[in-house]
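First up is the structure itself, then whatever we jot down about it.
The values are calculated or read from the model by the stated rules, or taken from the named source; none is laboratory data. Predicted model only: the values in this text are computed from it and were never measured. We place every Cβ from the backbone using ideal geometry, glycine too, and count neighbours over all the protein chains shown. Ligands, DNA and RNA are stripped out before the accessible areas are found, and what is left, the full protein with its side chains, is counted by its heavy atoms. Shrake-Rupley method; radii C 1.70, N 1.55, O 1.52, S 1.80 Å.
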Amino acid sequence: GSLNRLLSRFSDLQLNLTKIESRPVADKNFEYYFYLDFAGNTETPAIGQLIGQLEKELPAFTFLGNYEEI
């Protein structure tokens, strides 16, 4: 449920996920951290807004940064 809702947000913006990984949360059964990479420009207003919303809504969210493909 919650992962599907999260991924739907990226789909709604037509963002291409290039990588998704899950790691278990220590000492918590059936809870996972997810790491996502996506192709997009963080200076685009819609993407900046998405990142801001995720920071507010998710219990644990960290934006690690962005890079330019050369």
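Tabulated results
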quantity: Residues that are free of Cβ contacts under 8 Å to residues at least 24 places away in the same chain and over 19 Å from E69 (Cα atoms), drawn from the range 36-47; calculated: P45
quantity: Failed criterion for S22 (all others in (1) under 14 Å from G65 (Cα atoms); (2) at pLDDT below 90 hold); calculated: (1)
quantity: Among (1) at positive phi; (2) in contact (Cβ under 8 Å) with a residue 24 or more places away in the chain - the single one F30 does not satisfy; calculated: (2)
quantity: So E43, is it part of a loop (DSSP other than H, G, I, E, B), out of contact with any Cys (no Cβ under 7 Å at 6 or more places or on another chain) and open to solvent by 50 Å² or more (accessible area, probe 1.4 Å); calculated: yes
quantity: Which listed residue is under 12 Å from the mean Cα position of the chain (by Cα) and touching a residue at least 24 places away in the same chain (Cβ under 8 Å), from F61, F10; calculated: F10
quantity: Residue count for the range 1-32, restricted to those that are open to solvent by 80 Å² or more (accessible area, probe 1.4 Å), acidic (D, E) and over 19 Å from E57 (Cβ atoms); calculated: 1
quantity: Checking A60 against (1) open to solvent by 60 Å² or more (accessible area, probe 1.4 Å); (2) modelled with pLDDT under 90; (3) outside any loop (DSSP other than H, G, I, E, B), the condition it does not meet; calculated: (3)
